[in-house]
Amino acid sequence: MTGYNVSGVRELLRQHGFNLSKSMGQNFLVDANIPEKIVKLAGIKSTYGVLEVGPGIGALTSELCKAAGFVTAVELDKRLVPILKNTFASTQNVKIVQGDIMKLDINRLVSEIMPDMEHHVCANLPYNITTPVISAFIEAGVFSSITVMIQKEVAQRICALPGSREYGAFSVYANYHTKPQVLFDVSPECFFPQPKVTSTVLKMVIRKEKRLSEEEEIKFFRVVKASFGQRRKTLVNALYAVFEKTHSKEELTKIITDCGFDERIRGEVLGIDEFMRISSVL
């Protein structure tokens, strides 16, 4: 594969008798500048071991192999594996793995294939699994950064500030564990077939410092989830819906006011520090 453009992709798929799967959300990059830009802005170095999920026909994989020490590309669609293996037959620093990333042991996968390397994620994620996959990358605890191309609306939600319409529980989760930064948008015209939405390349640098213990984190995220469980309700009522067995509404109101907040406040305007304050008291 010498060029990732519409005619080249069409011909490659025709040669292999490949039909696109709508259920898998398959949209292949046909603008060669995009993978190059992603790899450059992701800061991929020759000492890095990179995990790619959903390589498709290998547009991003090709650029990653040029920059990284080693690339592990996990593809769910069994029909694409022969195409990828044929394309990268002479490439020494890549391994094509067929499987469902949500069912694989990510920690073991990257540690066994790419030992003694600094691990990073760089991928064009299928839109239908974006949130759970990013969560799995974070929970794996083996990556220094996660650079992904995702639906623009999801990227906005991850980077949303307290009080904004997009702000939610996943915004808090992502910002607690990482430092997210929007790199650039990618128009539908850069794909074949063209998706109906704009994509965004997002880089998330993992925060190395732990602000809470494991037990405290569980309590913290329980409070966060409860706070956004019923967005139209006040924070007191939202928390009461979850903590009614252990706290009366009066007790919750006192906790909120003792933390310095108006009893009518809503959870959607609070940041990480504010949620930590409430969680520690609760």
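Pairs linking a residue in segment 39-51 that is at positive phi and surrounded by 12 or more Cβ atoms within 10 Å (Cβ to Cβ) to a residue that is modelled with pLDDT of 95 or more and in a strand (DSSP E or B), with Cβ atoms under 9 Å and 6 or more positions apart or on different chains, are GLY43/HIS120; GLY43/SER145; GLY43/THR147; GLY43/LYS203.
Scan segment 166-188 for residues that are touching a residue at least 40 places away in the same chain (Cβ under 8 Å), out of contact with any strand residue (DSSP E or B) (no Cβ under 7 Å at 6 or more places or on another chain) and not in a loop (DSSP other than H, G, I, E, B) and the total you get is 5.
Just the residues that are within 20 Å of LYS37 (Cα to Cα) and either of a type in the set (A, V, I, L, M, F, W, C) or more than 16 Å from the chain's Cα centre (by Cα) (or both), please, taken from segment 199-213. Correct list: VAL201, LEU202, MET204, VAL205.
Of all the numbered requirements in (1) more than 30 Å from ASN5 (Cα to Cα); (2) of a type in the set (Val, Ile, Thr); (3) surrounded by 20 or more Cβ atoms within 10 Å (Cβ to Cβ); (4) out of contact with any Ser or Thr (no Cβ under 7 Å at 6 or more places or on another chain), THR257 misses one, and that requirement is (3). For segment 123-144, the count of residues that are within 28 Å of ARG231 (Cα to Cα), surrounded by fewer than 15 Cβ atoms within 10 Å (Cβ to Cβ) and acidic (Asp, Glu) is nonzero.
Right, PHE28: touching a Phe, Trp or Tyr at 6+ places or on another chain (Cβ under 9 Å), within 23 Å of PRO188 (Cα to Cα) and surrounded by fewer than 24 Cβ atoms within 10 Å (Cβ to Cβ) or not? So PHE28 passes the test.
For segment 9-36, the tally of residues that are within 19 Å of ALA73 (Cβ to Cβ) and outside any loop (DSSP other than H, G, I, E, B) stands at 8. Being out of contact with any Cys (no Cβ under 9 Å at 6 or more places or on another chain) and β-branched (Val, Ile, Thr): is that true of VAL281 here? It is false that VAL281 is out of contact with any Cys (no Cβ under 9 Å at 6 or more places or on another chain) and β-branched (Val, Ile, Thr).
The set of residues from segment 216-243 being more than 16 Å from ARG277 (Cβ to Cβ), at pLDDT 95 or above, within 24 Å of the chain's Cα centre (by Cα) and not hydrophobic (A, V, I, L, M, F, W, C) comprises just one member, LYS225. When you check LYS40 against the structure, is it at pLDDT 95 or above and over 19 Å from the mean Cα position of the chain (by Cα), yes or no? No: the conditions fail for LYS40. Taking the condition modelled with pLDDT of 95 or more, more than 23 Å from PRO35 (Cα to Cα) and of a type outside the set (A, V, I, L, M, F, W, C), does SER90 pass? No. The single residue among LEU202, LEU161 that is crowded, with 17+ Cβ neighbours inside 10 Å and either in the same structural domain as THR131 (by TED's automatic domain parsing) or free of Cβ contacts under 8 Å to residues at least 40 places away in the same chain (or both) turns out to be LEU202. The residues of segment 74-96 that are surrounded by 18 or more Cβ atoms within 10 Å (Cβ to Cβ) and outside any loop (DSSP other than H, G, I, E, B), listed by number, are VAL74, GLU75, ILE83, LEU84, THR87, VAL94, ILE96. Each residue in segment 117-134 was checked for being assigned to a helix (DSSP H, G or I) and farther than 24 Å from SER46 by Cα, and 7 pass.
Kindly evaluate VAL186 against the criterion of being aliphatic (A, V, I, L, M), in contact with a Ser or Thr (Cβ under 7 Å, 6 or more places away or on another chain) and closer than 28 Å to GLU63 by Cα. Judged against the criteria, VAL186 is a match. Restricting attention to segment 1-24 and to residues that are crowded, with 16+ Cβ neighbours inside 10 Å and either at pLDDT 80 or above or small (Gly, Ala, Ser) (or both), the residue that is farthest from PHE191 (Cα to Cα) turns out to be PHE18. Say whether the condition of being within 30 Å of LYS22 (Cα to Cα) and buried (at least 19 other Cβ atoms within 10 Å of the Cβ) is met by at least one residue in segment 233-251. For segment 233-251, residues within 30 Å of LYS22 (Cα to Cα) and buried (at least 19 other Cβ atoms within 10 Å of the Cβ): absent.
The values are calculated or read from the model by the stated rules, or taken from the named source; none is laboratory data. Not measured: the values here are computed from a predicted model. Virtual Cβ from ideal backbone geometry, glycine too; neighbours counted across all protein chains shown.
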